[in-house]
Amino acid sequence: MASKAIKRKPCTADTEKIREKQMETIVPDSVREPLLGNNIHESKSEKYEPTMQHNIWDGKKQEGLHWMHLISTFIAQSVRKIGSAISQFASLLARLFSWSCGSQGSQSGQTILVDLSPLQEERLRSLGQRLDVPFDSSSVKHQDALKELWRLAYPSRQLPPLKSAQWKEMGWQNSDPATDFRAGGFMSLENLIYFARNYPVCFYLSINHGQLLPTSLSLVGNWIGLTICLNMQDSFHSLLHKADGKRAEWEYPFAVAGVNISYMLVQMLDLQSGKMSTKAGSHFVQLLTDDEMAFDNLFCVAFQMLDAQWLSRGASYMEFNEVLKYTRIQLEQELTIGNIYSVQEMPSFVLLKR
């Protein structure tokens, strides 16, 4: 047994150090891994990695679709805006083109803005001829017309000379009425005479039958019998004598007001150009179809309308131009309301006393 004894080598400190150093160098890699870094975890990690790559691709795809949506929306809005701008530009070009054509037509004098019938053209031409006649104090015809106006205004008074202070009582500013016609011309005198002759048409009493009949101012005899005038409060004389309403201390002059009204109507209807380019003018020309004296009848309505405006505003002499302006506005409104085929159908026609 002694001969089989195992000889042990002595363990010295150097040999221990060598052994520890060898153990450090031969430590397997598995020992160096963390505790959760086993094979099962590694296999799961290998299976999960492709899933993470797929989700990242989906996010990028969604982000791309979002940007595509924003870009398409921007393009659509831009197209709509560009289309709207083109439409507005085209509309502007159309207006400019129509304006240019209208300007060229007005310069050539050949464009008529309203389709006129031969009858309307004839009556409009006749009205234009009346406009071109100035008042001529040396003309016997014009002198006789002025005398006729006096007789109609003051039938019971003696006719004064053509130059007399008595003419101021009618509303002329000077002793010589010829100096007051100015732009109104001879037609303004014709308008005043028409007003005096046609308004009044007052009521008369028939002695034979006891009926009220409309007829002329003068006493007449006919098959019914003698007629007698009962009512002299007609429009012409009411305005001449300022018989209605509460009057200002300084009133407008009747005759000169008539001249101004005539000139205002000519401007409002654009009669001097003959084109009837204003809205009121285009409606007025339709009235000429059934009424050759539509302008004169409109003058009568305008005069009565001016007086109504005057009273409602409590106006005085210095406010005449302002009242005339509002009268024009009201006339334009009534002419253009539609379904007006005669002056008698205008709302303010009822103001006239016949």
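The values are calculated or read from the model by the stated rules, or taken from the named source; none is laboratory data. All figures in this text were calculated on a predicted structure; none of them were measured in a lab. Because the Cβ atoms are built from the backbone with ideal geometry, glycine has one as well, and the counts that use them run over all protein chains shown. Ligands, DNA and RNA are excluded from the accessible area calculation, which covers all protein heavy atoms including side chains. Shrake-Rupley method; radii C 1.70, N 1.55, O 1.52, S 1.80 Å.
In the set Q158, Q110, Q166, which member is open to solvent by 50 Å² or more (accessible area, probe 1.4 Å) and modelled with pLDDT under 95?
Selected residue: Q110, the only one of Q158, Q110, Q166 that is open to solvent by 50 Å² or more (accessible area, probe 1.4 Å) and modelled with pLDDT under 95.
Taking region 160-187, which residues are under 22 Å from Y317 (Cα atoms) and touching a Phe, Trp or Tyr at 6+ places or on another chain (Cβ under 7 Å)?
If the condition is that a residue be under 22 Å from Y317 (Cα atoms) and touching a Phe, Trp or Tyr at 6+ places or on another chain (Cβ under 7 Å), then M170, G171, S175, P177, A178, D180, F181, A183, G184 are the ones that fit.
So which residues in region 291-300 are open to solvent by 30 Å² or more (accessible area, probe 1.4 Å) and of a type in the set (A, V, I, L, M), if there are any at all?
Across region 291-300, the qualifying residue is only M293.
In this structure, is T289 in a loop (DSSP other than H, G, I, E, B) and farther than 18 Å from D234 by Cβ?
Answer is yes for this residue.
Give region 242-287 a look and list any residue that's closer than 16 Å to F186 by Cα and open to solvent by less than 50 Å² (accessible area, probe 1.4 Å), or say none.
Correct list: A255, V256, A257, G258, V259, I261, S262, M264, L265, V266, L271.
Restricted to region 301-354, and to residues that are open to solvent by less than 20 Å² (accessible area, probe 1.4 Å) and hydroxyl-bearing (S, T, Y), which residue is farthest from E251 (Cα to Cα)?
It comes out as S348.
Consider only pairs whose beta carbons are under 6 Å apart and that are at least six residues apart or on different chains; among these, list those whose first residue lies in region 122-135 and is at negative phi and whose second residue is open to solvent by 50 Å² or more (accessible area, probe 1.4 Å) and of a type in the set (D, E).
From residues that are at negative phi, the pairs are R123/E292.
Out of region 131-146, which residues are at pLDDT 95 or above and either under 18 Å from K242 (Cα atoms) or open to solvent by less than 60 Å² (accessible area, probe 1.4 Å) (or both)?
Those that are at pLDDT 95 or above and either under 18 Å from K242 (Cα atoms) or open to solvent by less than 60 Å² (accessible area, probe 1.4 Å) (or both): V133, F135, S139, H142, Q143, A145, L146.
Return the residues of region 299-354 that are polar (S, T, N, Q), part of a helix (DSSP H, G or I) and free of Cβ contacts under 8 Å to residues at least 12 places away in the same chain; say none if nothing qualifies.
S312, N321, Q333 - these are the residues of region 299-354 that are polar (S, T, N, Q), part of a helix (DSSP H, G or I) and free of Cβ contacts under 8 Å to residues at least 12 places away in the same chain.
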